[in-house]
1. Looking at the structure I just gave you, is residue 169 in a helix (DSSP H, G or I) and within 30 Å of residue 116 (Cα to Cα)?
2. Quick check on this structure: which one of 2, 26, 30, 52 is of a type in the set (Asp, Glu) and surrounded by 15 or more Cβ atoms within 10 Å (Cβ to Cβ)?
3. The conditions are (1) part of a loop (DSSP other than H, G, I, E, B); (2) at pLDDT 95 or above; (3) not aromatic (Phe, Trp, Tyr), and residue 145 fails exactly one of them. Which is it?
4. Please specify each residue of the stretch 274-298 satisfying the condition of being closer than 16 Å to residue 316 by Cβ and assigned to a helix (DSSP H, G or I).
5. Scan the stretch 67-112 residue by residue and report those that are free of Cβ contacts under 8 Å to residues at least 24 places away in the same chain and either assigned to a loop (DSSP other than H, G, I, E, B) or touching a strand residue (DSSP E or B) at 6+ places or on another chain (Cβ under 6 Å) (or both).
6. Given the conditions (1) hydrophobic (A, V, I, L, M, F, W, C); (2) at pLDDT below 95; (3) not assigned by TED's automatic domain parsing to the domain that holds residue 241, and given that residue 158 satisfies all but one, which numbered condition is not satisfied?
7. Any chance the stretch 38-48 includes a residue that's assigned by TED's automatic domain parsing to the domain that holds residue 155, under 19 Å from residue 115 (Cβ atoms) and touching a Phe, Trp or Tyr at 6+ places or on another chain (Cβ under 7 Å)?
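The values are calculated or read from the model by the stated rules, or taken from the named source; none is laboratory data. Just so it is clear, the structure is predicted and the values come from calculations on it, not from any experiment. No Cβ is skipped: glycine too gets one built from the backbone with ideal geometry, and neighbour counts run over all protein chains shown.
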Amino acid sequence: MEFEASVSPYEQIDVHALAVAVFKDEKPSESFLKQLDEMSGGLVKSAIEAEEFSGKEGETAYFHLVGNSKMKARRLLLVGVGDPKDYKTAQVSQMAGTSVRSLRSKNAKTVAIVPRAAGDAKSIGGATVEGSLIGSFEPDKYRTVDKDQKSIDRVVVCIDGAKEESIKAGLDRGRVVGESVNFTRDLANEPGASMTPTDMAARARQIAEQFGLTVDILDEDRMEQEGMGSLLSVARGSDQPATLIVLKYTPANYKEDGKGLLALVGKGVTFREAHGSVGQLVRQAEQSGVELDALPLSAFVAAHQAFGSDVHDALSARASVARREVDGGTGPRAVRAQLDAAIASLAQGGEAPRGNELSIRAD
């Protein structure tokens, strides 16, 4: 998938399909939507007034542009992004992911995305590319039957009024982040038998060589010397030897005094430890008759010293549901993908996919 930056008016971009962010309850008589409605030959106003589309987050409306359309794109996708005050870079990424997944299913090969977000063009452009790549990821590496071969070849990020150089800088960063996330997801999706600690170490060496990192792989003897008894005790439950991977990146302008050095350190909370601490919080919430995220932050800190506001926010019901963007998950993009697949199958006279027991109610 290739990415381009554009500061041209969206109607002049020559692509198969145009994806545009629309805010909740935005009126077709307002400036931007009014122009888009005129360019589309009245389709936007028609969909909103018929209450087929309201701009709620994750909602989409798809049109073929024929006849009196004044745009070069022949198809239009409206993507609801919710309340403007909640529309940040994370939501831009989600909007882009929704756009790519939806338009890929329509076999569009070239797409322009108009994110309509406030802020600097570099961040907006980066979030758009990141979301496009993450949204296009398919965990179907080993699928051999009915594998979807549709793909988008080119995505144009359109931010009218911005500097093209700023957008391009964001595109480069977004590609790095998006491809890194997809690489990690691909590793995580590998069956355990084909991604042993030894295989993981080999992948780490490849990454280090490709991107100029230094890598140190500790085997069981060195781990023993370092006193890593807890890790080794877990590894003894497997017939595969344990390894510990250390990847290091040294900036080109690094000075030995260490000033300005950035270190990313994990919380160091093991799965078993986190399970016990979260279980304590769940029991406290049940006894108090409240949702988990209704507990005060002090309760989280009391449950574990490494728990802070980030853990408190991540354990809300809404956040937990939204984070499950894997195939068959409960996140907005995952649910939309399941609905699109079911609707497409039913439209072709087949049955809805049964893999995740998806049901559609019409009430």
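1. yes
2. Every option except 26 fails the conditions.
3. (2)
4. Listed by number, the residues that qualify are 278, 281, 282, 284, 285, 286, 288, 292, 293, 294, 297.
5. Selection gives nothing.
6. Looking at each condition in turn, residue 158 falls short on (2).
7. yes
Per-residue answers, yes or no, for (1) more than 16 Å from residue 157 (Cα to Cα); (2) assigned by TED's automatic domain parsing to the domain that holds residue 137; (3) touching a helix residue (DSSP H, G or I) at 6+ places or on another chain (Cβ under 7 Å):
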{"position": "16", "(1), (2), (3)": "no, yes, no"}
{"position": "20", "(1), (2), (3)": "no, yes, yes"}
{"position": "50", "(1), (2), (3)": "yes, yes, no"}
{"position": "60", "(1), (2), (3)": "yes, yes, yes"}
{"position": "81", "(1), (2), (3)": "yes, yes, yes"}
{"position": "86", "(1), (2), (3)": "yes, yes, no"}
{"position": "94", "(1), (2), (3)": "no, yes, yes"}
